[in-house]
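Each value in this text was obtained by applying a stated rule to the coordinates, not by laboratory testing. Model, not experiment: these values are computed from the prediction. Here the Cβ positions follow ideal geometry from the backbone for every residue, glycine too, while neighbour counts run over all protein chains shown.
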Amino acid sequence: MNEITVQSKARTVFIDITSAVQQFAAEKEMKNGVITVFVPHTTAGVTINENADPDVTVDMETALDRMVPWSGGYRHSEGNAAAHVKASLTGSSAQVLVKNGKLLLGTWQSIYFCEFDGPRTRTVWLKELV
Ligand code: ZN
């Protein structure tokens, strides 16, 4: 297993980690298999979505903020209940297929670390299965 470090610079931000995951596949000399991308945090997540138009991730951040406002009369005393809800909406893991050493993603797909309570230094765990 390996881990990568992600530095978020805003409360809510999607960060493209595709190249780091591709580098992991190369370092492991993977030919064909699957990589699990796991986010070990309760206020961050991971998702796969469009990389062509950067407005897409901005729209997703905005839509999640609209669905789950930061102030919403929550009970959680830490004050970041919205971030916990968003983390569960995106999920903690993604799986990506590897074929001939390359991540098997759609043309417009990238893997995004989803920060919901930044700025923070975060960890993402990667594990290959061949
Ligand atoms: Zn909390």
Within straight-line cross-link reach of K31, lysines at Cα separation under 17 Å, skipping those fewer than 8 residues along the same chain: K99, K102, K127
query: What is the helix-to-structure angle for 18-27, meaning the angle in degrees between its Cα long axis and the longest Cα principal axis of the chain, kept from 0 to 90 and rounded to the nearest 10?
result: 40
- prompt: Cα extents of the range 1-64 along the three principal axes, largest first, in whole Å?
  reply: 38, 27, 17
Counted charge near K86, where neighbours are those whose Cβ lies closer than 15 Å (Asp, Glu -1; Lys, Arg +1): -2
- line: Across N49, N100, N80, the residue with the highest GNM fluctuation in the chain (Cα network, 10 Å cutoff) is N100
task: Give the Debye-formula value of log10 I(q)/I(0) at each listed q (0.12, 0.17, 0.18 Å⁻¹), with one equal scatterer per alpha carbon of the chain, two decimals each.
output: -0.46, -0.85, -0.94
- request: Counting other beta carbons within 10 Å of each Cβ, put K9, K28, K102 in order, fewest first.
  value: K9, K102, K28
message: For a quick check, take a GNM of the chain with Cα springs below 10 Å and name the residue from S19, S110, S77 with the largest mean-square fluctuation.
response: S77
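Between D59 and Y74, what is 0.36 nm times their sequence separation minus the Cα-Cα distance? Round to one decimal in nm.
Result for the pair: 3.0 nm of gain on full extension.
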task: Give, in nm to one decimal, the length gained when the segment between S88 and T36 is fully stretched (0.36 nm per residue of separation minus the Cα-Cα distance).
output: 17.0 nm
Three-way shape label, the range 29-85, alpha-carbon gyration tensor, a/c 1.5: oblate
- line: Residue span W108 to K127: 0.36 nm per residue of separation minus Cα-Cα distance leaves a gain in nm of 4.5 nm
